[in-house]
Amino acid sequence: MKKNLALFISFFAFFLSLGTSWAGSKKTVRIGNVNGAGSFSYSGIISVAKELGYLEEEFAKIGYKVEYYAFENGVYANEAFVSGSIDFAFIGDVPAITGLVNKIGTVWIGVDESVTPIGIAVKKGSPIRAPKDFIGKTVSVAIGTNNHLLYANYFRDAGIAENQFETANLNSSNGRTAVVSGKVDAAIGNIIDLIPLEQSGQIDIIFSTAERPEWHSQLLLVGRNKFLKSNQAAGVALFKALIRARQTAIKTPKAYYGAISASQLADYPEEAEKYLNPDGQLTNYISKITESNISRAQKLQEFFTSIGRFKEKIDVNSFVEKKYYETAAKELGISE
């Protein structure tokens, strides 16, 4: 009996060691996310995929484990790409394009517009309601960001020159504080951050890019070229998880508005629906890159080249790779 027990224990230990060895041999995929709301929570459709466990499921199928990294801004995410510390990341369009044109070794593989509306806020009760009302006033905007691009489009479209008002170069958080305290007359920032202030009666949102979708910021999904060249299946697995997350969220979207907005809009489902899901089908969740996306990214690149942020005009289309999304959609039976 003792001999049989010892034999059983020996076999059990052997198979356990095999399992441990197999688990230890798994490859690792490192996924980053930048949350413009200022916390370190994930946001966008990737937060839904993460919450539902779809990322772990899809990567496990091809022998990968997942590690998550959160960044305060896209600059830090780009630095992580340069050092080889992450393999994929959702990044705002300005830092993403900055990384692409500076050839840090990334490629543009997808787009997510679910958390990117930008708004213009004034203090509650302010008479400012249109571009002409800003003449002689002070506007807060973070120069060199996607908010800066909205600022340029908004006033240029109305024929208002920059010398007709003052500009305060403040980051989004300081801009919100300044408009509430009355130190500036208006602030441009992410709708996700502005809605709670509007609902608490501190500001009025007088404009959002929901009115002009072509002025939306875009959240770009970029991957590290060196990683993808030898791990193409990982790119496909990532999109499978994200597409599945969108399909699940479409069935009960209100259940996921909080996750999409990094909990910022969990208490404001009507506002979340207005800005994050205007057509009721989550159309702007993770999708393949369209010509419209490329055109908007190109205009962004040209604008920042014109103000000296980039040294020269570069064809953004040269950084686009659609095959990972297309392969994932085909394998899932999705036609888009």
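The values are calculated or read from the model by the stated rules, or taken from the named source; none is laboratory data. Everything numeric here is computed off the predicted structure, so don't read it as measured data. Don't worry about glycine lacking a Cβ; one is built from the backbone with ideal geometry, like all the others, and counts go over all protein chains shown. Just so you know, the surface numbers come from the protein's heavy atoms only, side chains and all, with ligands and any DNA or RNA stripped out. Shrake-Rupley method; radii C 1.70, N 1.55, O 1.52, S 1.80 Å.
Under the condition of being surrounded by 13 or more Cβ atoms within 10 Å (Cβ to Cβ) and polar (S, T, N, Q), the residues counted in the stretch 299-324 number 3. Figure legend. Inter-residue proximity from the stretch 237-262: first residues closer than 12 Å to LEU55 by Cβ and modelled with pLDDT of 90 or more, second residues among the hydroxyl-bearing types (Ser, Thr, Tyr) and open to solvent by less than 10 Å² (accessible area, probe 1.4 Å), beta-carbon distance below 6 Å, spacing 6+ or different chains. Indicated pairs: PHE239/TYR325.
Scanning the stretch 56-77 for residues that are in a helix (DSSP H, G or I), farther than 19 Å from ASN171 by Cα and open to solvent by less than 40 Å² (accessible area, probe 1.4 Å) turns up GLU58, PHE59. Scanning the stretch 188-220 for residues that are part of a helix (DSSP H, G or I) and among the hydrophobic types (A, V, I, L, M, F, W, C) yields ILE191, ILE192, LEU194, ILE195, LEU197, TRP215.
Considering only residues in the stretch 100-117 that are polar (S, T, N, Q) and either assigned to a loop (DSSP other than H, G, I, E, B) or at pLDDT below 90 (or both), the one that is most open to solvent (accessible area, probe 1.4 Å) turns out to be ASN102. Only one of the numbered conditions (1) open to solvent by 70 Å² or more (accessible area, probe 1.4 Å); (2) of a type outside the set (D, E, K, R); (3) closer than 15 Å to GLU271 by Cβ is violated by ILE191, and that is (1). From the list ILE97, ILE120, the lone residue that is open to solvent by less than 30 Å² (accessible area, probe 1.4 Å), assigned to a strand (DSSP E or B) and either closer than 22 Å to LEU300 by Cα or charged (D, E, K, R) (or both) is ILE120.
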